[in-house]
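Here is the structure we will look at, set down as structure tokens.
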Amino acid sequence: MLIAILLLLKNGDSYTVTANFQNASQLVKGNEVEVAGTAAGTIDDISLADDGTALVKMTISDDYAPLRQGTIATIRSQSLSGVANRYVQLQMPSADEEGAPIKDGGTLALHQTVSEVDLDQLFNTLDKKTIGHFKDVIKGFARSYDGIGPQTNKGFHYLNPFLSSSRQVFDQLTVDENRFRHLIVDTASLSGALAERSPDLEQFVSNADQAFSALASENQNLATTIGALPGFMRNFNTTAVNLRATLDDLDPLVDATKPVAKKLPPFTQALRGFATDAVPTVRRLDAVVRRPGPDNDLTELTALQPRLAKIAVGPVRRNGKTRPGALPVSQKALTRGLPALAFFRPYLTTEGLSGWFDDFGHSGVVDANGGMGRISTTFNLFTVVGGIPNIFGPPLTLNQAESDGFRSNNLKRCPGANERDPGDGSTPFTDNGTLDCNPTEVPTGP
């Protein structure tokens with residue numbers, strides 16, 4: 001008697017909630033109520049509301065009572081092998097989304113419930129022509145599996161983990177129908193945008209096919225590269241860590257380039273045409289990079305660089321001795337030649353070599369009669385007989401030459417010494433007296 005009283009008291013204290021579904025989806029009294037796959041109650045009663053919807057009264061166990069506002073009740077099937085094997089799944093709200101407790105005997109409104117969609121409801125939405133095609137598909141499957149049933153069953157056995165995980169994925173996708181709806185709409189928009197750019201997409205697919213074909217032809221080299229990748233990544237790890245500070249320093253640059261980036265679309269549109277026209281050139285460059293035969297492409301030239309670098313940098317063993325490389329020797333030669341170049345530079349840049357080239361444009365000085373050239377003649381030491389140079393006679397001595405008005409030993413002439421001083425002291429050029437030359441070594445005459 002005491003046990004009966006306790007049971008009656010317990011039943012009287014049970015927590016119940018009524019869920020308003022669009023339809024009962026073949027629920028029956030006694031079906032389970034589950035939370036995350038765990039039994040959480042039973043179906044006590046099913047009735048019809050005034051608006052034609054279903055009212056499902058559920059008893060919830062004490063572990064989950066009371067339910068909170070934000071709870072979603074969904075009718076689901078245990079399997080496809082039965083009819084009345086339905087249950088109600090309760091999805092509890094998260095801690096930051098849950099509302100006030102639902103009182104005992106309260107109601108889950110229609111927007112808080114999801115009814116089961118039966119397969120025949122889906123077929124009823126199809127027209128007769130579509131149903132006919134669907135029947136042909138089913139018959140085609142029957143013919144394709146005819147005689148290979150055992151092998152197919154074995155394949156499905158190994159496929160079962162994938163199907164099970166796929167079911168869990170689709171269950172999670174349908175939990176938030178609003179986001180799932182946005183995903184479908186956005187995917188449709190993306191597909192429409194791709195359809196509008198079908199020529200570009202076709203070219204992209206064609207180029208990608210060529211690229212992957214080229215990669216496939218180099219599968220051996222690619223395998224070698226992948227094998228060396230772990231060591232490279234270990235070495236790159238330190239570089240990547242140090243790169244974080246660099247990326248932080250790049251933030252101001254990125255912020256500064258944002259206004260410029262908005263102006264780039266016209267340029268990128270023009271660049272697309274250039275990229276299309278550059279395809280033949282790039283294809284021809286392939287022959288430069290790699291060509292059959294020895295020593296005739298860029299790849300083999302690159303392979304020669306280590307040997308060239310060793311000879312250029314040194315030291316190298318040549319002719320029985322260790323010698324420095326070509327670059328250090330060239331540096332030493334240039335360093336030693338700087339004084340000579342410094343002395344020779346004014347002769348090249350003032351009235352020397354540059355002036356000689358300039359004389360091809362105009363000659364000498366300009367007076368009222370036009371351009372006038374000034375020529376300075378240089379004689380060797382020879383005997384003048386009767387006013388005529390005798391180049392075959394005995395040469396003059398230096399004293400004889402100087403007594404006749406000739407000058408000798410003019411070995412330190414300054415740049416521009418062949419020109420007459422216009423009166424401003426600009427010739428000959430001495431660079432303010434810093435050049436190692438003798439400004440008095442000028443031609444004779446006015």
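The values are calculated or read from the model by the stated rules, or taken from the named source; none is laboratory data. Values in this document were obtained by computation on a predicted structure and should not be read as measured data. Quick reminder, even Gly has a Cβ in these numbers, built from the backbone with ideal geometry, and neighbours come from all protein chains shown.
Each residue in region 392-443 was checked for being among the small types (Gly, Ala, Ser), surrounded by fewer than 17 Cβ atoms within 10 Å (Cβ to Cβ) and either at pLDDT 75 or above or more than 28 Å from PHE344 (Cβ to Cβ) (or both), and 7 of them qualify. Of all residues in region 57-116, those that are among the aliphatic types (A, V, I, L, M) and either touching a Cys at 6+ places or on another chain (Cβ under 9 Å) or over 23 Å from ASN178 (Cβ atoms) (or both) total 6. Annotation note: Cβ proximity below 8 Å between a residue of region 264-279 that is in the same structural domain as GLU202 (by TED's automatic domain parsing) and a residue that is surrounded by fewer than 10 Cβ atoms within 10 Å (Cβ to Cβ) (sequence gap 6+ or interchain) occurs for no pair. Considering (1) under 20 Å from the mean Cα position of the chain (by Cα); (2) loosely packed, with under 10 Cβ neighbours inside 10 Å, the lone condition that LEU271 does not fulfil carries the number (2). Taking region 274-310 as the range and being of a type in the set (S, T, N, Q), surrounded by fewer than 11 Cβ atoms within 10 Å (Cβ to Cβ) and over 22 Å from ASN207 (Cβ atoms) as the test, the residues that pass are THR302, GLN305. Being under 30 Å from ARG283 (Cα atoms) and surrounded by 10 or more Cβ atoms within 10 Å (Cβ to Cβ), is that true of even one residue in region 229-236? Yes, region 229-236 has at least one match. Restricted to helices (runs of 4 or more DSSP H) entirely inside region 144-259, those with at least 1 residues that are closer than 30 Å to GLY37 by Cβ are 149-175, 177-196.
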